[in-house]
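This report refers to the structure that appears directly beneath it.
Every number here is computed from the coordinates shown, using simple stated rules; none is lab data. What you see is a predicted model, and the numbers here were worked out from it, not measured in a lab. For neighbour counting, all protein chains shown are included, and Cβ atoms are generated from backbone atoms with ideal geometry for every residue, glycine included.
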Amino acid sequence: MLQYLINGLVEGAIYALIALGYTMVYGILGMINFAHGEIYMLGAYAGILAIGAMMSVGLVAASLPLAILLAFCFGIVVCALWGATMEKVAYRPLREAPSLAPLISAIGASFFILNLVMVCQGKLKKSLTNDVREWLVTRVMISDDVGIMYLEIGILVTSILMMVGLQLFIHRSRLGKAMRATAQDRTMASLVGIPINRVITATFVIGSGLAAVAGIMFALYASAFGYTDGYLPGMKAFTAAVLGGIGNVPGAMLGGFVLGIAENLGIYWFSADYKDVYAFVILMLVLIFRPRGILGERVADKV
């Protein structure tokens, strides 16, 4: 059972990072960015391609940690630029439109990214070579039948540090305070001199960067990634955000871990065949008793 808990924590950390993007955008704009799963997929592709390029020049053989760090930086930049562009082109013109308009625009942006990656990279999954994964998948044995890979340790540590850093950024930095003010009342925030458009763009940039980190970590974890592999994790991360309390940053973190652990315990107790169902069963059970989610709060308290 301990092995399933470890697997659940690792998957939950990835869900939580993706869920943060959903919850930040919702907290400020009150809309769901349904293209966020594709941003996660784009980050995974950017990381795989960056590692492939560095292999061709011998950087991976010289220093694998440096190559992985550069892949993360490249993926974050690519996804941050996509997030900023998407906000400006697909969402900003519809900010005051009826609620269905930005929702349809988000779905359109999702299909655009999905098909763009398919056309540019093909339908076959991209995979990492064994040279890259050989050290990462080395296990540290906790007991005779329970172990944790170096990669899993890295995923957990990186995710927790980024979540804590985001929480400190939101509550301590000037931009973070501007985000909280914009989430509470956009009109009043603009009247006191807060540049609303910049704050909203920064929200998309940060959320997209976190999704890129999650995508690259999952690509390293799974060793192969396809252009359709952003949809289901994106939906599960949205589920995690709702589970924790949509618009609430600590709630998104908690929801991601709860979801990952619940899925893997479901595999342990029942069957792996229904893994994708467990997330939504947990969500329904929680929302029956907590309609706003585990840490759901008033709108004024979000983000």
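Packing-based ranking of 217-224, 263-270 yields 217-224, 263-270, ordered from highest to lowest mean Cβ neighbour count within 10 Å.
Could you give the length gained on full extension between Leu49 and Thr129, defined as 0.36 nm per residue of separation minus the Cα-Cα distance, in nm?
27.6 nm is the gain from fully extending Leu49 to Thr129.
If you wrap the chain in the convex hull of its Cα atoms and look at it from every side, the mean projected area works out to 16.4 nm². In this rough spin-label picture, where each label sits 7 Å from Cα along the Cβ direction, the Arg174-Tyr274 distance is 5.4 nm. Relative contact order for the range 106-251: what percent, with Cα pairs under 8 Å and sequence separation of 6 or more? Taking the mean separation of contacting Cα pairs over the length of the range 106-251, I get 28 percent. Entry note, the range 2-301: relative contact order of 37 percent, from Cα contacts under 8 Å with a spacing of 6+ residues.
Could you tell me what a quarter of the Cα convex hull surface of the range 77-140 works out to, in nm² with one decimal place?
Across all orientations, the range 77-140 yields a mean hull projection of 7.3 nm².
With the dipole of the range 204-303 worked out from charges on the C-beta (+1 for Lys and Arg, -1 for Asp and Glu) around the Cα centre, which of Leu259, Val242, Gly296 lies farthest toward the positive end? My answer, from the dipole projection, is Gly296. Which whole-angstrom value gives the distance between the alpha carbon centres of the range 107-127 and the range 224-303? Here the two parts' Cα centres lie 25 Å apart. Distance between the 7 Å Cα→Cβ label points at Ile288 and Gln167: 3.0 nm. In the chain, the calculated helix contribution to ellipticity at 222 nm averages -24500 deg cm²/dmol per residue, counting -39,500 (n - 2.57) for every DSSP H run with n ≥ 4.
Coordinate range of the alpha-carbon atoms in the range 138-272 per principal axis, descending: 62, 29, 27 Å. Protection proxy ranking for 159-166, 233-240, 5-12, using the average of other Cβ atoms within 10 Å per residue and placing the highest first: 233-240, 5-12, 159-166.
When ranked by the protection proxy of mean other Cβ atoms within 10 Å per residue, highest first, what sequence do the peptides 14-22, 115-123, 63-71 form?
Taking the mean over residues of other Cβ atoms within 10 Å, the ranking is 14-22, 63-71, 115-123.
Label-to-label distance, Ile153 versus Gln3, with points set 7 angstrom from Cα along the beta-carbon direction: 1.9 nm. Counting neighbouring beta carbons within 10 Å and listing from fewest to most, the residues Arg292, Arg180 come out as Arg292, Arg180.
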